[in-house]
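Comments concern the structure below.
The values are calculated or read from the model by the stated rules, or taken from the named source; none is laboratory data. Quick caveat: nothing in here was measured; it's all calculated off a predicted structure. With ideal geometry, Cβ positions are generated from the backbone for all residues, glycine too; neighbour counts draw on all protein chains shown.
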Amino acid sequence: MTKLITGNTRREFLTNMGLMAAAFSFGATTLPSISSAKQNKGGTVNIRLSSDPSSFDPIANTSSIAIAILSPCYSSLVSYDQADPSKIVGDLANAWNVSDDGLTYTFELEPSAKFHDGAPLTAADVKFTFDRVRNPPAGVSSARKNLFRMVSDIATPDAQTVVFKLQRPAPVFLATLASAWMVVLPKHLLESGSLKDQIVGSGPFKFEQYTRGVSVKLARNPDYYRAGKPLVDKLAFYIVPEDSTAYATLLNGQIDIFSEIDGQQAADTKLRYGDKIATLEAPSLSADGISLNVGRKPFDDLRVREAISLAIDRRAAIKFAMQGYATEGGFLPPGPWALSPEQLETVSGYSGNVADNRSAARNLLKDAGYGTGFEVKILARKGVSTHEARAITVKEQLAEIGIKVTVDLKESATYFDQINKHDFDMATTQIGGLGNDPDLIFGEYHTSEGSTNYAGMKDPVVDALFSRQSVEPDTEKRKEVVDDMNIKALKNYAFLVFFWKTDFTSFSKRLHEYYLHSQADNNRKMDGVWLG
């Protein structure tokens, strides 16, 4: 016997699996958008991007710049409701069922869905996509493959039915599928080619034009399978690297959406321009920090990595890079899975006097044979203010313990190529997840097989704890394992968390039905926004 999982029944299902609200933290902080009863059609929404996308490949990509472009063009089986991200709703799936034992998920597809090149979208495309995500062929990178380790098989009984078989119950499975990154790709194109340089989806908007360094333009898909959507004719993404220039274009009406505006600008905008510009904020599921390449000297030495953690003044970093709008933390975001302040203080760099910490750091460097310091480069994304500010912070603060840092700024495509190849000494990197659950946010970054474990840290103890917590049905017992895992991984000092961010987005009040999610990637589809 199976049951339909939507709305309240989904909540009941999570409760029965022992992972109710603690497993997810979506939507509680989402602020309402401007709305009215009358929806207008037509017009162009202008959106700022800070740089060119590194590529258009949805499987390999992790960039928020890329997903802003890709999400309107592709479809998922299910997605988060744009206005209420505590709800998961159907996208390509008109209905879905979950077996009583939680091991079988069956999805019924919308029969009218087709790709932008006219090819029908069928169950074969769904199976091909997720087989490729979880078992990428040689030479193909999959940034989220480990999120599907619980899947044992994907079957297609007919063209409109897809069945996922799980090895064990996984209450986070539906949330994983609802992520903006879990889009269905065209089998007929990927079997013999790549999507790095083209966009062929089935979503509400179609690719129209890309002028490198200038803009990406999308047009309304007239064959979209959801009647009446989208409401606007076009989305135009303008590449404006300088934050100050982008802010000026927001104020003068040239762009409608400025995502990732900094906290000080957000406060100023509310105070001075609130009559024409709306500003939303939400605690982010993303943390900024630096990765230390454990495969290179001197970062193969734990003492050196711990010394760097001791030298970093995280509160000063929050003030400089985020104007105070961020929170200290470990490897999981503020919420039910986070470490307590007392637990966090057991990790070097999270407690004590800055001067005393740096004195201890110098002693560690001396013990490691680097008493006179050393020279090193830090890789950072050019034109992305949070990356550049972090790199400057590292340079200035590590100088206090005798480490000379050179900032190596690279365009996004080169930056991502280097971090994916572990071609750096230190790098400004981020951790983030599809939701606030250890299964969705920890494994990809901190386990040995994690596809975004940029530091290259391999710790079998951390791996074992991650596997153990993933199958623990009791929430309290799971929390104990998660805490042990979090602390053990933090004490490897391979990725140093600076802060968990608060996201701000400002947008013109002519734009309606636009929302901000805690996982910002999930509000990019733009199929329900309209201009008034």
>> Given the options Leu379, Leu409, name the one that is hydrophobic (A, V, I, L, M, F, W, C) and surrounded by 22 or more Cβ atoms within 10 Å (Cβ to Cβ).
In response: Leu379
> How about the stretch 499-513: which of its residues are more than 24 Å from the chain's Cα centre (by Cα) and not charged (D, E, K, R)?
Replying inline: Ser508, Leu511, His512
> For the stretch 311-329, which residues satisfy the criterion of being farther than 20 Å from Ala282 by Cβ and in contact (Cβ under 8 Å) with a residue 60 or more places away in the chain?
Replying inline: Ala311, Ile312, Asp313, Arg314, Ala316, Ala317, Phe320
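Yes or no, residue by residue, for (1) within 24 Å of Val214 (Cα to Cα); (2) touching a residue at least 60 places away in the same chain (Cβ under 8 Å); (3) touching an Asp or Glu at 6+ places or on another chain (Cβ under 7 Å):
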| position | (1), (2), (3) |
| --- | --- |
| Pro241 | yes, yes, no |
| Thr245 | yes, no, no |
| Thr249 | yes, yes, no |
| Ala266 | no, yes, yes |
| Thr269 | no, yes, no |
> Glu388 is checked against (1) over 30 Å from Lys196 (Cβ atoms); (2) part of a helix (DSSP H, G or I) and fails just one. What number does that condition carry?
Replying inline: (1)
> Which is assigned to a loop (DSSP other than H, G, I, E, B), outside the structural domain of Phe442 (by TED's automatic domain parsing) and over 27 Å from the mean Cα position of the chain (by Cα), of Pro111, Pro169, Pro136, Pro157?
Replying inline: Pro111
> Which residues, counting only those in the stretch 191-212, are more than 22 Å from the chain's Cα centre (by Cα), within 22 Å of Ala413 (Cβ to Cβ) and at pLDDT below 95?
Replying inline: Gly193, Ser194
> Which members of the stretch 501-522 meet the condition of being touching a Leu at 6+ places or on another chain (Cβ under 6 Å) and closer than 14 Å to Ala68 by Cβ?
Replying inline: Thr505, Leu516, Gln519
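Here is a yes/no grid of residues against (1) of a type in the set (Val, Ile, Thr); (2) on the phi < 0 side of the Ramachandran plot; (3) over 23 Å from the mean Cα position of the chain (by Cα):
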{"residue": "Glu242", "(1), (2), (3)": "no, yes, no"}
{"residue": "Ile255", "(1), (2), (3)": "yes, yes, yes"}
{"residue": "Thr269", "(1), (2), (3)": "yes, yes, yes"}
{"residue": "Lys276", "(1), (2), (3)": "no, yes, yes"}
{"residue": "Ser286", "(1), (2), (3)": "no, yes, no"}
{"residue": "Ile308", "(1), (2), (3)": "yes, yes, yes"}
> Tell me, which helices (runs of 4 or more DSSP H) wholly within the stretch 433-515 include 1 or more residues that are more than 27 Å from Tyr415 (Cα to Cα), in contact (Cβ under 8 Å) with a residue 60 or more places away in the chain and among the acidic types (Asp, Glu)?
Replying inline: 475-490
>> I'm checking my understanding of the structure. Among residues of the stretch 447-472 that are among the β-branched types (Val, Ile, Thr) and touching a helix residue (DSSP H, G or I) at 6+ places or on another chain (Cβ under 7 Å), which one is surrounded by the fewest Cβ atoms within 10 Å (Cβ to Cβ)?
In response: Val461
> If you take the residues in the stretch 213-230 that are assigned to a loop (DSSP other than H, G, I, E, B) and over 25 Å from Pro111 (Cα atoms), which one is modelled with the highest pLDDT?
Replying inline: Val214
> Based on what the data block shows, is Phe130 aromatic (Phe, Trp, Tyr) and under 25 Å from Gly432 (Cβ atoms)?
Replying inline: yes
>> Test of understanding: among Asp117, Asp131, which residue is in a helix (DSSP H, G or I) and surrounded by fewer than 18 Cβ atoms within 10 Å (Cβ to Cβ)?
In response: Asp131
> Which is modelled with pLDDT of 95 or more and assigned to a helix (DSSP H, G or I), of Ala307, Ala316?
Replying inline: Ala307
> Can you find even one residue in the stretch 2-18 that is buried (at least 22 other Cβ atoms within 10 Å of the Cβ) and either out of contact with any strand residue (DSSP E or B) (no Cβ under 6 Å at 6 or more places or on another chain) or modelled with pLDDT under 50 (or both)?
Replying inline: no
>> Quick check on my filter: what residues within the stretch 348-368 are touching a residue at least 60 places away in the same chain (Cβ under 8 Å) and surrounded by fewer than 20 Cβ atoms within 10 Å (Cβ to Cβ)?
In response: Asp367, Ala368
>> Just checking, does the stretch 200-208 include any residue being surrounded by fewer than 16 Cβ atoms within 10 Å (Cβ to Cβ), on the phi < 0 side of the Ramachandran plot and not in a loop (DSSP other than H, G, I, E, B)?
In response: yes
